[in-house]
Structures are given as C-alpha cells and as structure tokens.
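Structure record follows, encoded as structure tokens.
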Amino acid sequence: MAENLLLVTQTRSAIGTKPKHRGTLRALGLRGIGQSNELPDRPEIRGMIARVPHLVSVTEVSR
C-alpha cells in the first residue's frame, strides 16, 4: 500500500500576514522561506494548505 504524501514548501514570507496564517504555517511545520515538510495527504492537511495557498507550493509525492 503506497501512502501519498504532500511536499509543502514555504515560498513567501509570513511577515505582514494575519496571525492565523502564521499559525497555520507553523502547524504545517514550516518556519521560513525555502523550508519543506512532507505531510500525509489527508483532508485536514489539505484544508490547512487551502488557507495559505499564496505562501506555499505543494507537490504530490508517492511512496
């Protein structure tokens, strides 16, 4: 069984964004521009990404 993962990379700065957006980035495990994190492809994660699409880029990875 191959679990699908999402590679989430922060592409823009969180400076000047709303506090909820900064909190969402931290919850995704991102701390700065260029940092990436592999997360499971689940509805909760997709919802978090949907809040900050202007700050991150997403790539699907299968294992």
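The values are calculated or read from the model by the stated rules, or taken from the named source; none is laboratory data. On a predicted model such as this, the values are computed, not experimentally measured, just so you know. Counting neighbours? That spans all protein chains shown, and the Cβs are built from the backbone with ideal geometry, glycine included.
Quick check, is THR24 loosely packed, with under 13 Cβ neighbours inside 10 Å and under 11 Å from the mean Cα position of the chain (by Cα)? No, not satisfied. Can you report the number of residues in the range 27-45 which are surrounded by 12 or more Cβ atoms within 10 Å (Cβ to Cβ) and of a type in the set (Gly, Ala, Ser)? The number of residues fulfilling the criteria is 3. Here GLN10 meets the list (1) of a type outside the set (Ser, Thr, Tyr); (2) modelled with pLDDT under 95; (3) touching a Leu at 6+ places or on another chain (Cβ under 6 Å) almost entirely, failing just condition (2). Note on the range 6-28: residues that are in contact (Cβ under 8 Å) with a residue 12 or more places away in the chain and either in contact with a Cys (Cβ under 7 Å, 6 or more places away or on another chain) or not in a strand (DSSP E or B) (or both) amount to 11. The number of residues in the range 46-61 that are surrounded by 12 or more Cβ atoms within 10 Å (Cβ to Cβ), hydrophobic (A, V, I, L, M, F, W, C) and outside any strand (DSSP E or B) comes to 4.
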